[in-house]
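Taken together, the values in this text are just the output of simple stated rules run on the coordinates, not laboratory data. A quick note: this is a predicted structure, and the numbers were derived from the prediction, not measured. Glycine gets a Cβ as well: all are built from the backbone with ideal geometry, and neighbour counts include every protein chain shown.
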Amino acid sequence: MTTLGLVVAEFNRPITEQMEDAALEAANAAGAEVYETVTVPGVYDAPLAADRLARLEAVDAVAVIGTVITGDTDHDQVITDATAQRLSDVCLERDTPVTLGVTGPGMSAAEARERVANAAKAVDGALDLVEQLPDPDTDSASQ
């Protein structure tokens, strides 16, 4: 059974709560176990939590869930760009799939609510990566 770590941003909680439910349903439907869920204040805080989960022997992949809604400045763009880059770094540094179930930037709260299903897509992507990535400890050329 594949085990997942789940990181959920608290900011915009009415939406991220629905996203968390969608992620848990997707994991359950796929027969995966959510080993641990870590809540963080906002999306920007997710890379550290994802890194800690990716360090755990029991965690095969990490899905990060959150939403960034646009405001009067380009803050949403800055947050999502920085977060995506750092999550990609965690993935490569820990050799553990880390998927981005973060919606935004440039969307309203109504658009964010329409994209709640992206959380399930992040879980599905994490599970697909665990299944599809070659095992670095086996030499497929010699088999």
### Task
Work out how much length ASP89 to ASP137 would gain on full extension: take 0.36 nm times their residue separation and subtract the Cα-Cα distance, in nm to one decimal.
15.2 nm
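Return the calculated 222 nm mean residue ellipticity for the chain, to the nearest 500 deg cm²/dmol, obtained by summing -39500 (n - 2.57) across DSSP H runs with n ≥ 4 and dividing by the residue count.
Helix-only estimate at 222 nm: -15000 deg cm²/dmol.
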### Query
For the chain, with only Lys/Arg (+1) and Asp/Glu (-1) charged at the beta-carbon, what is the dipole magnitude about the Cα centre, in debye rounded to 20?
280 debye
## Note on the structure
Expected vector for region 10-18, Karplus 3J(HN,Hα) from phi with 6.51, -1.76, 1.60 and θ = phi - 60°, integer Hz, x for Gly and Pro, equals 7, 4, 6, 3, x, 8, 5, 5, 5
### Summary
Calc'd 3J(HN,Hα), region 88-93, phi into Karplus 6.51 cos²θ - 1.76 cosθ + 1.60 (θ = phi - 60°), Hz, glycine/Pro = x, comes to 4, 4, 4, 4, 6, 5
### Message
If packing is taken as the average number of other Cβ atoms within 10 Å across a peptide's residues, how do 111-120, 83-92 rank, most packed first?
### Response
111-120, 83-92
### Query
Which one of LEU127, THR39, ALA110 has its Cα pushed farthest toward the positive end of the charge dipole of the chain, where Lys and Arg give +1 and Asp and Glu give -1 at the Cβ?
ALA110
### Task
Apply the Karplus parameterisation 6.51 cos²θ - 1.76 cosθ + 1.60, with θ equal to phi minus 60°, to every residue of region 55-70 and state each ³J(HN,Hα) to the nearest whole Hz, in sequence, with x for glycine and proline.
6, 6, 4, 6, 9, 8, 7, 10, 10, 10, 10, x, 9, 10, 9, 5
### Query
What distance in nm separates the simple spin-label points at ALA58 and ARG113, each placed 7 Å from Cα in the Cβ direction?
3.7 nm
### Query
Which peptide among 25-37, 59-71 comes first, and what is the full order, when sorted by highest mean count of other Cβ atoms within 10 Å?
59-71, 25-37
#### Entry: 10 Å-binned pair-distance histogram of the chain (Cα, whole percent)
13, 44, 31, 9, 3, 0
## Note on the structure
Expressed as a whole-number percentage, the relative contact order of the chain with C-alpha contacts under 8 angstrom and at least six residues apart is 29 percent
